[in-house]
Amino acid sequence: MLNLIEKAMNTHNLSKEELISLLKDDNYFEDLLFAANQVRKKYVGDEIHLRGLIEFSNFCKNNCLYCGLRRDNKKLIRYRMDEETIVSLASHAKQIGLKTVVLQSGEDLHFNTERMCLIIRAIKDLGLALTLSIGEKTKEEYAAYREAGADRYLIRIETTDKKLYAENDPDMSWEERAQCIRNLKSLGYELGSGCLVGLPNQTLSSLAEDILFFKKTDCDMIGIGPFIPHPDTPLKNAKGKELNLSLKVMALTRLLLPDINIPATTAMETLAPDGQAKALNGGANVIMPNITLTNYRKFYQLYPGKTTTGYTPDDSLQKVIDKIHALGRTVGLGYGQSPHWQKEQK
Ligand code: 5AD
Ligand code: SF4
């Protein structure tokens with residue numbers, strides 16, 4: 001196993017079988033995270049880049065079995081912020097020193113191309129880097145957002161196992177999602193994807209495929225999230241909560257894609273008070289402090305138990321900064337593009 005980890009550190013290539021054997025073996029968990037941490041240091045340095053997350057609407061037209069925002073969850077109180085509120089939160093983000101904001105929502109048709117482009121232009125006028133995480137759109141829509149100034153886009157493939165995808169994402173098509181990812185890349189976005197770990201019936205073989213997919217599609221950022229069952233969804237009795245397996249998938253992703261950005265995800269922190277610290281010491285170099293207004297947060301329930309629920313934007317940021325300093329790392333002062341993406345621009 002140690003030879004395999006060494007090989008990954010030096011060549012940044014592993015076969016599917018090699019990935020599976022590392023995912024299977026729990027005896028080398030610490031070694032794997034340690035190796036990923038070294039590769040992180042060498043390729044992306046000690047800075048941790050912050051992204052202010054604005055959850056601007058929890059309406060969603062989709063019905064993913066794992067997600068609390070699914071349209072059939074009638075228990076959830078829905079909200080959407082108006083344009084002024086979204087832009088004023090971005091402006092506040094700038095005031096408190098953030099350089100990037102991420103606009104995230106369910107797939108909410110209220111925010112048509114025209115509305116989105118108005119918001120994008122207003123935020124870009126503030127001089128911030130802007131990431132969108134608003135789901136599947138046509139290539140023309142992605143092009144319009146890009147034209148309006150959007151820099152980055154997050155869209156997880158969720159799983160590369162097409163059967164599992166079909167079971168968990170009814171009415172959606174895996175091929176279309178993969179096409180969205182290719183479209184975004186071709187439009188020059190800094191591209192973020194990722195997967196869920198611990199879905200019922202998910203295999204280690206498919207997780208290995210997920211990692212190889214990230215490499216093949218030339219992603220610039222990868223977010224790995226442990227699946228956490230939500231009580232008001234069909235998967236409420238599923239097990240999920242695979243923190244260590246998620247950390248292993250994340251560490252292997254760092255080993256194979258050494259110069260990308262990798263967030264320590266909120267879902268990891270939800271499962272353990274030191275979940276994000278472990279991630280930051282196992283290959284991650286980004287945190288996304290939540291800067292959604294406190295009164296909306298409890299309704300943005302992808303999964304239960306989100307640790308950021310009761311906080312204000314300023315509290316959330318301070319907590320994250322404290323965590324970074326406690327680890328002896330520094331807060332990134334620039335826009336924090338991944339070296340991978342920067343190289344492609346030359
Ligand atoms: N547990 C963890 N992550 C989830 N997501 C949706 N539902 C859950 C859940 N129950 C993730 C999906 C989506 C992202 C915004 O949130 O991967 O892409
Ligand atoms: Fe909607 Fe995304 Fe949740 Fe699926 S995962 S129901 S697309 S918010």
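Structure values in brief
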| read-out | value |
| --- | --- |
| Selection status of Lys162, within 22 Å of Ala208 (Cβ to Cβ), away from ligand 1 (no atom under 12 Å from the Cβ) and at pLDDT 95 or above | yes |
| Of all residues in the range 59-76 being touching an Asp or Glu at 6+ places or on another chain (Cβ under 8 Å) and within 13 Å of ligand 1 (Cβ to nearest atom), the one that is farthest from Glu167 (Cα to Cα) | Leu76 |
| Matching residues, the range 35-44, being in contact (Cβ under 8 Å) with a residue 12 or more places away in the chain and either polar (S, T, N, Q) or surrounded by fewer than 18 Cβ atoms within 10 Å (Cβ to Cβ) (or both) | Asn37, Gln38, Lys42, Tyr43 |
| Pair list, Cβ < 7 Å and 6+ apart or interchain, from the range 59-75 residues that are over 14 Å from Pro170 (Cβ atoms) to residues that are near ligand 2 (Cβ under 7 Å from one of its atoms) | Phe59/Gly106; Gly68/Leu302; Leu69/Cys60; Leu69/Gly106; Leu69/Leu302 |
| Residue in the range 228-248 that is surrounded by fewer than 20 Cβ atoms within 10 Å (Cβ to Cβ), acidic (Asp, Glu) and either under 20 Å from Arg152 (Cβ atoms) or without any contact (Cβ under 8 Å) to a residue 24 or more places away in the chain (or both) present | no |
| Which numbered condition Ala264 fails, given (1) in contact (Cβ under 8 Å) with a residue 40 or more places away in the chain; (2) buried (at least 23 other Cβ atoms within 10 Å of the Cβ) | (1) |
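The values are calculated or read from the model by the stated rules, or taken from the named source; none is laboratory data. Remember, predicted model here, so these are calculated numbers, not experimental data. Counting neighbours? That spans all protein chains shown, and the Cβs are built from the backbone with ideal geometry, glycine included.
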